[in-house]
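A short worksheet on the structure shown next.
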Amino acid sequence: MNPERIGQAERKARLEKLRALMGESDVAAMVLGPTASLRYFTGVSWHPSERFTGAIVHAGGGLEYVCPGFEREKVSGILGVPGEIFTWEEDESPYRLIASRLKPGARIGLDDQVALFFYLGLCRAMGRERIADAGPLINRLRRAKSPAEIALMQRAKDITLEVQRRAWKSLKPGVMSSDVARFIDGQHRALGADSGNTFCIVAFGSDSSLPHGGDKDRALKEGDVVLIDTGTELDGYNSDITRTYVFGEPTKRAREIWALEKEAQAAAFAAARPGAPCESVDAAARAVLTKAGLGPDYRLPGLPHRTGHGIGLDVHEAPNLVRGDRTPLAEGMCFSNEPMIVLPGEFGVRLEDHFHMTKDGPRWFTQPSASIDDPFAGVPEWKG
């Protein structure tokens with residue numbers, strides 16, 4: 001059974017918290033574009049385009065929506081929080097419309113995920129000096145997930161883990177990586193996700209040494225390292241799980257690197273203590289690899305990217321588990337844990353699971369892979 005979707009009461013509570021932060025920052029209004037933040041606060045999920053659709057959150061309590069005139073009916077039917085809708089026609093400027101809804105000289109916070117052309121348009125309409133970066137304010141709220149958000153991500157990740165297990169069991173010699181990706185898409189849909197794959201990397205052999213896979217389709221053969229990184233979503237909340245194993249008998253080298261990857265992932269998890277800076281988690285994983293003679297830093301063979309990223313309505317959210325990010329770990333934060341090991345031209349191993357922070361420490365959403373020979377040992381039987 002899927003958990004309950006995010007309701008109006010939770011969204012209204014988010015808006016009140018946002019308004020409180022706006023008051024502390026001397027911002028009279030917040031302008032949200034067609035981004036995940038618009039969905040987070042209002043429930044409106046809208047495709048980005050050259051035609052602006054979004055919302056104005058007023059510090060004094062008002063909520064207004066802005067959209068093209070011909071989209072009014074559609075927008076009115078998907079509002080997660082009620083508000084007045086203001087429209088603009090094709091020969092009019094949405095930027096001037098937004099400016100007209102603000103008091104003269106009022107300072108606004110702008111959604112940091114909007115397109116550059118929208119920011120420039122607002123600058124022309126109201127002046128650059130009146131526009132502040134709202135990213136830090138928005139992230140302070142979005143990075144601490146509620147129990148309802150965590151429940152949605154838990155279900156999405158449970159679905160993807162089961163899809164990963166089914167993909168592993170389905171592999172046969174000669175199957176193309178594109179066929180496996182299509183299989184995974186169908187399984188995500190069959191198990192109750194809102195969509196198929198939000199993304200899917202299927203890499204065989206030396207393609208697994210490329211963190212985001214190769215650019216050509218490839219047939220599976222005996223002895224190939226298999227790396228599958230995929231995810232889906234439920235009510236907009238994302239899963240993102242990677243499994244790496246060998247189709248056939250692993251070599252001694254593959255076993256050693258796989259075991260080292262598992263050790264680095266475990267070290268990162270152990271370092272994720274409440275109040276510790278995000279970068280300390282990345283440092284713990286890298287210390288394991290450096291001790292084994294890999295790296296250091298981002299040098300290869302070794303770990304070429306951050307140890308983990310935040311996750312929620314966006315697959316990648318701030319803060320990140322990376323050097324330089326000193327955000328203290330706190331209850332409700334959710335992260336990937338994926339300190340990939342890359343051996344250029346040979347293979348790569350990435351084991352990616354996610355955890356969320358509790359007041360007592362980190363808690364896995366999904367249990368890490370058991371072994372290179374039986375990567376899904378211990379995964380509970382799927383009950384639907």
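Values quoted throughout were computed directly from the atomic coordinates according to the rules given, and no laboratory measurement underlies them. Just so it is clear, the structure is predicted and the values come from calculations on it, not from any experiment. Counting neighbours? That spans all protein chains shown, and the Cβs are built from the backbone with ideal geometry, glycine included.
Computed from backbone phi, the HN-Hα couplings of segment 183-194 come to 4, 4, 4, x, 5, 4, 5, 5, 8, x, 5, 6 Hz, rounded to whole numbers (Karplus: 6.51 cos²θ - 1.76 cosθ + 1.60, θ = phi - 60°; Gly and Pro given as x). Taking other Cβ atoms within 10 Å as a rough exposure proxy, THR87, THR53 sort from fewest to most as THR87, THR53. Subtracting the Cα-Cα distance of LYS103 and LYS12 from their residue separation scaled by 0.36 nm leaves 30.4 nm. The amide H of PHE199, built 1.01 Å from its N in the peptide plane, has GLY231 as neighbours under 5 Å, considering only residues 5 or more places off or on other chains. Assuming charge only on the beta carbon of Lys and Arg (+1) and of Asp and Glu (-1), the dipole of the chain about its Cα centre is about 580 debye to the nearest 20. Each residue of segment 126-138 was assigned a 3J(HN,Hα) from its phi angle through the Karplus curve 6.51 cos²θ - 1.76 cosθ + 1.60 (θ = phi - 60°); the sequence is 9, x, 4, 5, 8, 10, 10, 6, 8, x, x, 5, 5 Hz, with glycine and proline shown as x.
A cut-off of 5 Å between modelled amide H atoms, ignoring neighbours fewer than 5 places along the same chain, links LEU321 with GLY308, HIS309, GLY310. Classification of segment 1-130 by its C-alpha gyration tensor yields an oblate form. The axis ratio a/c (a ≥ b ≥ c) is 1.5 or more, and b/c is at least a/b.
Full extension of the chain between TRP364 and ASP217 gives 49.6 nm of extra length, using 0.36 nm per residue less the Cα-Cα distance. Compared with the dominant principal axis of the Cα atoms in the chain, helix 147-170 is inclined by about 40°.
Spin-label model, ARG96 to GLU263: label points 7 Å out along the Cα-to-beta-carbon direction sit 6.7 nm apart. With R₀ set to 35 Å, the beta-carbon distance separating TYR298 from GLU89 gives a calculated FRET efficiency near 0.10. Neighbours of ILE131 by Cβ distance under 14 Å: Lys/Arg scored +1, Asp/Glu scored -1, total -1. Of the GluC sites (Glu not before Pro) found in segment 329-384, those that fall in a DSSP loop while having at most 16 other beta-carbon atoms within 10 Å are GLU331, GLU346, GLU381. For the chain, build the charge dipole from Cβ charges (+1 Lys, Arg; -1 Asp, Glu) around the Cα centre, then report which of CYS278, PRO339, ALA115 sits farthest towards its positive end. Toward the positive end, the furthest listed residue is CYS278. Rg and Dmax over the alpha-carbon atoms of segment 271-378 stand at 14.1, 43 Å. From its DSSP helices (H runs of at least four residues, each -39,500 (n - 2.57)), the chain gives a residue-normalised ellipticity at 222 nm of -10500 deg cm²/dmol. Given R0 = 41 Å, the distance between the Cβ atoms of PHE70 and ARG189 translates into a calculated FRET efficiency of 0.85. With each label modelled as a point 7 angstrom along the Cα→C-beta vector, the GLU249-ASP179 pair spans 2.5 nm.
Shape class for the chain, computed from the alpha carbon gyration tensor (a ≥ b ≥ c): prolate, with a/c not under 1.5 and a/b above b/c.
Which shape class applies to segment 147-364: rounded if a/c is under 1.5, otherwise prolate when a/b exceeds b/c and oblate if not, where a ≥ b ≥ c are the square roots of the Cα gyration tensor eigenvalues? Since a/c reaches 1.5 but b/c is at least a/b, the shape of segment 147-364 is classed as oblate. Per-residue packing, averaged as other Cβ atoms within 10 Å, sorts the ranges 39-45, 206-212, 294-300 into the order 39-45, 206-212, 294-300, beginning with the highest.
Figure legend: label point modelled 7 angstrom from the Cα of HIS316 along Cα→Cβ; residues of segment 181-223 with amide N under 12 Å from it are 212. 3J(HN,Hα) along segment 248-257: x, 8, x, 6, 4, 4, 4, 5, 5, 5 Hz, from the Karplus curve 6.51 cos²θ - 1.76 cosθ + 1.60 with θ = phi - 60°, whole Hz, x for Gly and Pro. In the chain, the longest principal axis of the Cα atoms and the axis of helix 8-24 are about 70 degrees apart.
Can you give me the angle between helix 278-291 and the longest principal axis of the chain, using Cα atoms only, in degrees from 0 to 90, rounded to the nearest 10? Computed tilt is about 20 degrees. Once the Cα-Cα distance is subtracted from the 0.36 nm per residue extended length, the LEU141 to GLU256 segment shows a gain of 37.3 nm. With 31 Å as the limit, the listed pairs LYS169/LYS359; LYS216/LYS291; LYS103/LYS359; LYS12/LYS262; LYS157/LYS262; LYS12/LYS383 have LYS169/LYS359; LYS216/LYS291; LYS103/LYS359; LYS12/LYS262; LYS12/LYS383 beyond it between alpha carbons. Between segment 216-293 and segment 181-195, what's the alpha-carbon centroid distance in Å? What the calculation gives is 23 Å, centre to centre.
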